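What follows is a single structure, written as structure tokens, with notes after it.
The values are calculated or read from the model by the stated rules, or taken from the named source; none is laboratory data. Everything numeric here is computed off the predicted structure, so don't read it as measured data. Backbone-built Cβ (ideal geometry, glycine too); neighbour counts: all protein chains shown.
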Amino acid sequence: MNDIRDEAAVRVERELLLDLYRQMLLIRRVEEAAAKAYAQGKIGGFLHLGIGQESVCVGAIAAARATDYVVATYREHGHFIAKGGSAKEVLAELYGKSTGASRGLGGSMHLFSSERRFLGGYGIVGGHVPLATGCAFAAKYRDEDDVTLCFFGEGSVPQGALHEGFSLAGLWKLPIVFICENNQYSMGTPLYRTLAVADVTECAAGYAMARDRFGGEDVLRVRERVAEAIDRARKTKQPTLIEVLTYRFRGHSMSDPATYRTKEEVEKWRQRDPVPLARARLVGELGASEDQLASLEAHVKAEVQEAARFAEASPAAEPDSVFKYVYADPSIDPRKL
Amino acid sequence: MARLSYREALNQAMSEEMERDPNVFLMGEEVGHYQGAYKVSQGMLQKFGEKRVIDTPICEAGFVGVGVGAAMVGLRPIIELMTFNFSLVAIDQIINNAAKVRQMSGGQFKVPMVIRGAGGAAHQLGAQHSQSLESFYSYVPGLKVVMPATPADAKGLLKTAIRDDDPVVFIEGELLYGIQGEVPDGEYTIPLRQGDVKREGTDCTVVAWSKMVHLALTAAEQLQKDNISIEVIDPRTIKPLDEELILQSVRKTHRCVVVEEGWPFASVGAEIAHRVQRGAFDDLDAPVEVVASLDVPMPYALDLEELVVPTAAKVVSAVKRALYQE
């Protein structure tokens, strides 16, 4: 009996991890395609890649319901995809096309999807935290049990707006989970030079929030621990501050060669890269076959290639859209203000 | 018609809108138990309860940001700032979030919120509490800016602002809360971008809003004694601006003075002066005058404050310059 039950549990975990692995790989391949297109001059602006951090958004959002809300930063391609967005919408947005997630008006830093309750990527560090708190406020105001997940980097922890958002969430007992993706560097500056404490979650106590802190290399662990916080938020309305220790293998943006860290350090973190770790676990203890994974990987590759083709072939952003979406009020034309 | 104070008119507007739409709520410092720093929300906590009349700590960036997020997912927040001077610590939320979310999201999210509170100089409040910031907010695409001068306008415009699907910066005159005026009975709203002729006249157009309307009307009485008839135009909404009403008046009077409480550099007055010369160049018989506060932080001493702010005497003088009588 034990063997049979274990086998069933292994199968469930394998199916789950296969899905999370697929999502992480898709995000990584999309970002690699974006980096390539950027190098070719096909996309412009700032491009902040989260390569190495995929387990955080994928694991956390896998723990949420479709009706839960997600608010993220300017490094949010992964969060958008994890919330159900497509590779096509991401790449088309980066290419500045009308088919992009935000019709070519947002760009890499401002992906949105109202139907999936993805409330966007924001470019002012920490400035989106009060907004996310407001989203959680609205759910509670309407007696709905949807939870808000608010992602930010450790670089935003010294920012005032973040603390005001924390403070109100704690004071009003709002259903929100704050997820700090500690990727070790705020642009080029390590945490010990930006914060007086090494543990970001220490500030949870001052706001009556629960706290949790763990390594992000295991996507299943991220899912499980975030699920606990979401459950707490949904049932007791107590917010949680979570710090996930992770690493970005690329620079802050495409213009950053990341010379502020050693090869040894990067190599050390490569051993904790969540994508190959998930793969190794699938093939190892969870008994997935190489063929199965090769097929999954080929599908992901084809999906990203198709998304890049779609982005290139899509119609340009519409000139009229510059005026159409500034105001909801249809009587206002910004050319005649 | 009932005779109400400006603060009672604002209170009625909020209360009526909260009665008709459960998604409308009021949030800000001292709005509930204290009954409002300027008593605008008097009685509202008792009427609507703590769920909808929400006291906040002193954290403007926090609760203005909460308003933006709540508006994005379907609520209609009224966020009260004790004064607009404090909006400066929330200006990132207003400019980077409230004003831009709709455009950045390709039209997927809207931000139907009102950010309201007192603006302008009061009596001897010093440099940090005497500012007129309408030019800051009207500069930003995505925001609307409303500045009523009378109780009737305050009520009708606030109701419109609450129903509006865009973020509205609603600046009340700190010294206007106690003024009385006739307010229509029953349900009414005033559209944005609809200015109002506050006094008809023939010799010179004076454009003024908020507290400056009353200054212009005082100046009008004084000028009348010299047989000078001025027409006082109150745009009421700064953005979108009822430019046509101003131009129609200037085409009739051929002269224009703009009176504003803000600083003169890159100001709303400068923008209106530009629009008047652009739209009525051939009708003008004199350069457009702008009466503004002096370009200095507000001093405390009463006699110094009076030196800095627009006064009826300064308006009279500007009108006479426009008429080449001074």
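Listed values, structure above:
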| read-out | value |
| --- | --- |
| When residues of segment B:73-89 are limited to those that are more than 25 Å from A:ARG117 (Cα to Cα) and touching a helix residue (DSSP H, G or I) at 6+ places or on another chain (Cβ under 8 Å), the one nearest to the other protein chains (Cβ to nearest Cβ) | B:VAL89 |
| Among (1) crowded, with 21+ Cβ neighbours inside 10 Å; (2) within 11 Å of chain B (Cβ to nearest Cβ), the one test that A:ARG142 misses | (1) |
| Qualifying residue in segment B:283-290 (condition: assigned to a helix (DSSP H, G or I), in contact with a helix residue (DSSP H, G or I) (Cβ under 8 Å, 6 or more places away or on another chain) and under 27 Å from B:LYS155 (Cα atoms)) | no |
| Scan of segment B:27-57 for residues that are free of Cβ contacts under 8 Å to residues at least 24 places away in the same chain, small (Gly, Ala, Ser) and over 24 Å from B:VAL89 (Cα atoms), ordered by number | B:GLY49 |
| Close pairs from segment A:313-337: first more than 7 Å from chain B (Cβ to nearest Cβ), partner small (Gly, Ala, Ser) and assigned to a helix (DSSP H, G or I), Cβ under 6 Å, at least 6 apart | A:SER314/A:ALA92 |
| Residues of segment B:58-106 satisfying the condition of being of a type outside the set (A, V, I, L, M), touching a residue at least 24 places away in the same chain (Cβ under 8 Å) and farther than 23 Å from B:GLN131 by Cβ | B:GLY74, B:ARG76, B:PRO77, B:LYS100, B:ARG102, B:GLN103 |
| Output for segment A:314-337, where each listed residue is of a type in the set (Gly, Ala, Ser) and either in contact with a strand residue (DSSP E or B) (Cβ under 9 Å, 6 or more places away or on another chain) or in a loop (DSSP other than H, G, I, E, B) (or both) | A:SER314, A:ALA316, A:ALA317, A:ALA328, A:SER331 |
| Residue among A:ILE4, A:ILE51, A:ILE61 that alone is modelled with pLDDT of 95 or more and part of a helix (DSSP H, G or I) | A:ILE61 |
| Residue match in segment A:275-295 (condition: within 22 Å of A:ALA198 (Cα to Cα), in contact with a Lys or Arg (Cβ under 7 Å, 6 or more places away or on another chain) and either surrounded by fewer than 18 Cβ atoms within 10 Å (Cβ to Cβ) or not aromatic (Phe, Trp, Tyr) (or both)) | no |
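Yes/no matrix, rows are residues, columns are (1) under 18 Å from A:SER167 (Cβ atoms); (2) aromatic (Phe, Trp, Tyr); (3) more than 7 Å from every other protein chain (Cβ to nearest Cβ):
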{"residue": "A:GLY100", "(1), (2), (3)": "no, no, yes"}
{"residue": "A:GLY107", "(1), (2), (3)": "no, no, yes"}
{"residue": "A:HIS110", "(1), (2), (3)": "no, no, no"}
{"residue": "A:ARG116", "(1), (2), (3)": "no, no, yes"}
{"residue": "A:LEU119", "(1), (2), (3)": "no, no, no"}
{"residue": "A:VAL129", "(1), (2), (3)": "yes, no, yes"}
{"residue": "A:PHE137", "(1), (2), (3)": "yes, yes, no"}
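Every residue, every condition in (1) more than 26 Å from A:LEU49 (Cα to Cα); (2) of a type outside the set (A, V, I, L, M, F, W, C); (3) touching a residue at least 12 places away in the same chain (Cβ under 8 Å), yes or no:
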residue	(1), (2), (3)
A:PRO130	no, yes, yes
A:GLY134	yes, yes, no
A:PHE137	yes, no, yes
A:TYR141	yes, yes, no
A:LEU149	no, no, yes
A:PHE152	no, no, yes
A:PRO158	no, yes, yes
A:PHE166	yes, no, yes
A:TRP172	yes, no, yes
